[in-house]
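Just below is one structure, and these are the notes that go with it.
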Amino acid sequence: MLKQGQRQQTIRRRSEASFLGIPVWEIAVGPDPESGEVRGHARAIVAIGDVATGWLAIGGFARGIVAIGGCAIGGIAIGGVSLGLLAALGGLAIGTIALGGAAVGLLALGGGAIGYVAVGGGACGYYACGAGAVGEHVVSASQQDPAAVKFFSQWFPWAF
């Protein structure tokens, strides 16, 4: 925690090596008065910073093929709030395959799940499985649709 009058530490490091004109790695944390950045923005193949953009991005706000951070956007995203084209894992996860406290996707698994296939405490989907599940084909505490039982036992055999 910063005390009054104390400045946040600034870290700027970048590899000399590059690939396709992009630095191999960069670390950018804290404000940079020289460039006018309030937050460090790392841009590299492997980017680590307050804001990170790269093939592998790690930061408070991360964008990349693989993104890991508080807010993560990418092909595969892992974070508190994650938006992933292929997969998302986080507190709030939105992606083709979504796993999280609240999950939205074609395949959604979470406490609350919304998707074509939804599995969770509260699940809403064409195929839905959970304590409080709603949808076309449902397996829940009060309903055992035969098509849903067949589907879930085929794809999730350990659960049935």
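Observations
- Radius of gyration over Kirkwood radius for the chain, both on Cα atoms: the Rg/Rh ratio is 1.20.
- Packing-based exposure ordering (other Cβ within 10 Å, fewest first) of 19, 152: 19, 152
- If R0 is taken as 41 Å, the Cβ-Cβ distance between residue 20 and residue 154 corresponds to a FRET efficiency of 0.40.
- Packing rank of 32-40, 97-105, where each peptide gets the mean count of other beta carbons within 10 Å, highest leading: 97-105, 32-40
- Based on C-alpha pairs under 8 angstrom that are at least 6 apart in sequence, the chain has a relative contact order of 7 percent.
- Backbone phi angles across segment 58-71, fed through the Karplus curve with coefficients 6.51, -1.76 and 1.60 (θ = phi - 60°), yield HN-Hα couplings of 10, x, x, 10, 10, 10, x, 4, 10, 10, 10, x, x, 10 Hz in residue order; Gly and Pro are listed as x.
- Computed helical MRE - 222 nm, the chain, DSSP H runs ≥ 4 contributing -39500 (n - 2.57), nearest 500: -2000 deg cm²/dmol
- Relative exposure of 149, 81, judged by other C-beta atoms within 10 Å (fewest first): 149, 81
- Farthest toward positive dipole pole in the chain [+1 Lys/Arg, -1 Asp/Glu at C-beta], among 141, 65, 126: 65
Coordinate-derived values only; no laboratory data. Quantities reported herein were computed from a predicted structural model and do not represent experimental measurements. Note: ideal-geometry Cβ built from the backbone for every residue, glycine included; neighbour counts use all protein chains shown.
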